[in-house]
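Let me begin by presenting the structure, written as structure tokens, before commenting on it.
The values are calculated or read from the model by the stated rules, or taken from the named source; none is laboratory data. Quantities reported herein were computed from a predicted structural model and do not represent experimental measurements. Note that we place each Cβ from the backbone using ideal geometry, even for glycine, and neighbour counts take in every protein chain shown. Remember, those area values only see protein heavy atoms, side chains included, never the ligands or the DNA or RNA. Shrake-Rupley method; radii C 1.70, N 1.55, O 1.52, S 1.80 Å.
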Amino acid sequence: LYPENIKNSLAVMETPVYIKMVKSLEETFTKGQPLTDFDFKDTKDKTVRLGDFKDKVVIIDLWFTGCSACVQVAKGMSFVENAFKNRSDVIFVSISIDRDKDKWLGSINPSSTGKHYVSPSTTYLYTAGTGDNNIFIKKYVPKGSYPCLLIIDKNNKIFTSTPTRPVTHELQLKLIDEINQALLSK
């Protein structure tokens, strides 16, 4: 859902129902739009909300166990996270849409062999079994394409709904630059 595609679509659309649908996407994904608060559980069943990260740039990775593209992003994210390890104003949040809690916990267990979703500085969250039927997930991953990344600015607003996927070293550096830009935004 690239912002320029939304604007281009609106410029040529004539059917009111489609215009309304695309305007809804624009209102959700345009830079500066407030992010809907979320209510997810962490590994200890503690409720975590977006408001818990006030005054921080938040990088959200939405994924599910078994998604090979999700594994590739998670592998690259470790390098990106390391670039911000001394910054208290940047946080990485991983939200799994797995419905089975044990499956999710197995995927993020650092002692599991072959698991690549694990990074020591990430906050791991779970939809508490609601999976892709979760209201937040439905809103921010409307086409069900995973992984889905979002960068949220320090005011809990969308900085970008299309950040770079860090699957190569060059793209990792590009994502680091995007996060640095978010840190500079007001």
Of these, Phe79, Phe92, which one is in contact with a helix residue (DSSP H, G or I) (Cβ under 6 Å, 6 or more places away or on another chain), surrounded by 14 or more Cβ atoms within 10 Å (Cβ to Cβ) and part of a helix (DSSP H, G or I)?
-> Phe79
Could you please let me know if Asn86 is open to solvent by 70 Å² or more (accessible area, probe 1.4 Å) and either assigned to a helix (DSSP H, G or I) or polar (S, T, N, Q) (or both)?
-> yes
Here is a list of conditions, (1) open to solvent by 20 Å² or more (accessible area, probe 1.4 Å); (2) at pLDDT below 90; (3) in contact with a Phe, Trp or Tyr (Cβ under 9 Å, 6 or more places away or on another chain), and Thr123 meets all of them except one; can you say which number that is?
-> (2)
Selected residue [over 20 Å from Gln181 (Cα atoms), in contact with a strand residue (DSSP E or B) (Cβ under 8 Å, 6 or more places away or on another chain) and touching a residue at least 60 places away in the same chain (Cβ under 8 Å)] from Ile152, Ile108 | Ile108
With respect to the numbered conditions (1) closer than 30 Å to Asp177 by Cβ; (2) among the basic types (Lys, Arg); (3) in contact (Cβ under 8 Å) with a residue 60 or more places away in the chain, which one is the sole condition not fulfilled by Arg49?
-> (3)
Identify the residue in segment 132-186 that is among the aliphatic types (A, V, I, L, M) and open to solvent by 20 Å² or more (accessible area, probe 1.4 Å) and, among all such residues, is farthest from Lys31 (Cα to Cα).
-> Val167
Subset of segment 155-186 [in contact (Cβ under 8 Å) with a residue 40 or more places away in the chain, assigned to a helix (DSSP H, G or I) and under 26 Å from Thr65 (Cα atoms)] | His169, Leu171, Gln172, Leu175, Ile176, Ile179
Does segment 10-55 hold any residues that are surrounded by 14 or more Cβ atoms within 10 Å (Cβ to Cβ), at pLDDT below 70 and either assigned to a loop (DSSP other than H, G, I, E, B) or of a type in the set (Gly, Ala, Ser) (or both), and which are they?
-> Met13
